[in-house]
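First up is the structure itself, then whatever we jot down about it.
The values are calculated or read from the model by the stated rules, or taken from the named source; none is laboratory data. Everything quoted here is computed from the prediction, not taken from an experiment. Using ideal geometry, Cβ is built from the backbone for each residue, glycine included, and neighbour counts are taken over all protein chains shown. Please note that ligands, DNA and RNA were not included when accessible areas were found on the heavy atoms of the full protein model with its side chains. Shrake-Rupley method; radii C 1.70, N 1.55, O 1.52, S 1.80 Å.
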Amino acid sequence: MPSVLEYKCPCCNAGINFDSTLQRMKCPYCETEFDAEALRQFNAVQEEQHEEPNWEEGGAPWDDAGLQGYRCPSCAGELIGDATTAATRCPYCGNPAVLPAQLRGSFRPEEVIPFKLDKQAAVAAFGENLKGKRLLPKKFRDENTLGEITGVYVPFWLFDCRAGARVNYRATRTATWSDKHYQYTKTDHYQLRRAGEASFARIPADGSQKMDDAMMDAVEPYDYRELRPFQMTYLSGYLADRYDVGAQECGKRAERRAAASLQSELQGTTAGFGACSAESEQYWVNHARARYALLPVWTLNCTWRDKLYRFAMNGQTGKFIGELPVDKGRTAAWFFGIFGGVAALGAVLAVLLGGVL
């Protein structure tokens, strides 16, 4: 059975976690704090032993959906993970468990942004997200059941590339004037040619099939100034997955984002014209490098009236996203209230104008 690495407190030998608030390792039992690098060096012998290839020496992989069995080093309980699980918690004793064999070779990340916000911050952000939502059902705040809240290091590919574009636009510019007898309109037609290149650094694309791509795009941006060289000590106390979508496939998403950004910049140069549409477009992207990194995300689930609602929070910046239910009755009242107000205003103006005429 593949081995599991558990970072131990040098003082009390308990399982130790990475504390996002302190940005240090902290023992939850004796509350002793340690620098992550110092603790890694303390556990270096154990970590090197776990780095040895031992997949074929242990038990065979499970037949069901690629599941794999592991043994908790604290309570000897059996852990179950899939082929991408790199860090988890023991469901029996609650101690953190890191699976170093999952992060060998090409699966070892180059960089990581450690968690900066803790679980309480995610709960508070969920509450703040419910405020000021006029179309939210009134009973949702009191009746929803907040379920699992999980801190996950999500595998991301960060792409450096250079993009170029050539676009031909058809544009118009209209002028109007009048005299005592006629009103005149002059429309000039133009063909605009635009071209440009731009360099992009660290375009992110998540490399996990488990995570919804749109949700992962929505929790951006990250502050890449806080990227650090990867150490497995940062994973202790959190869940982590290795990538199961490669750089080549994720690179297509990065190319589309780079092209869309360049397209927006070129479109902005046509602001002085009226109607403007692209007649022909040509884009190209050249990759310079793809970095593999783990980025922090809090995932939250809540249920209300037998429906599951999913949310996510950037574990570094606190950006919170998710879809809330909408009260159909309040939506209808809001819509007809605006429509009725506009109709009433139109009636008043009609009476006033009629009186003037």
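Pulled fully out, how much extra length does the chain show between Asn168 and Glu33, if you take 0.36 nm times their separation in residues and subtract their Cα-Cα distance?
42.5 nm
Less than 15 Å Cβ to Cβ from Asn129, Lys/Arg counted +1 and Asp/Glu -1: what total charge do the surrounding residues give?
Residues near Asn129 contribute +4 overall.
How large is the accessible surface of Arg253 in square angstrom, using a 1.4 angstrom probe and rounding to the nearest 10?
It works out to around 40 Å².
Modelling each spin label as a point 7 Å along the Cα-to-Cβ direction, I'd like the Lys131/Ala83 distance in nm, to one decimal.
Placing both labels 7 Å along Cα→Cβ, they lie 4.6 nm apart.
If the chain between Thr176 and Asp244 were fully stretched, how many nm would it gain, using 0.36 nm times the residue separation less the Cα-Cα distance?
18.5 nm
Using θ = phi - 60° and the Karplus curve 6.51 cos²θ - 1.76 cosθ + 1.60, what whole-Hz ³J(HN,Hα) does each residue of the stretch 304-313 get, with Gly and Pro shown as x?
8, 6, 6, 10, 8, 10, 10, 9, 8, 9
Can you list the HN-Hα couplings for the stretch 190-202, worked out from phi with the Karplus curve (6.51, -1.76, 1.60; θ = phi - 60°), rounded to whole Hz and with x for Gly and Pro?
10, 10, 9, 10, 10, 8, x, 9, 8, 9, 10, 10, 6
Return the subset of Lys116/Lys319; Lys26/Lys319; Lys210/Lys252; Lys26/Lys210; Lys26/Lys119 for which the Cα-Cα distance in this structure is over 23 Å, preserving the input order.
Too far apart for the 23 Å limit: Lys26/Lys319; Lys26/Lys210.
Where does each of Cys161, Cys30 land when they are ordered by accessible area, with a 1.4 Å probe and the largest first?
Putting Cys161, Cys30 in descending order of accessible area: Cys30, Cys161.
Using a probe radius of 1.4 Å on heavy atoms only, what accessible surface per residue do you get for the stretch 221-304? Whole Å² is fine.
48
Between Ala124 and Glu148, what FRET efficiency follows from the Cβ-Cβ distance if R0 is 22 Å, with the result rounded to 0.05?
FRET efficiency, Ala124 to Glu148: 0.85.
Ranking request for peptides 311-319, 241-249: highest mean number of other beta-carbon atoms within 10 Å first, then the rest in descending order.
311-319, 241-249
Would you list, by chain and number, the lysines whose Cα falls below 19 Å from the Cα of Lys139, excluding same-chain residues fewer than 8 positions away?
Straight-distance partners of Lys139: Lys131, Lys307, Lys328.
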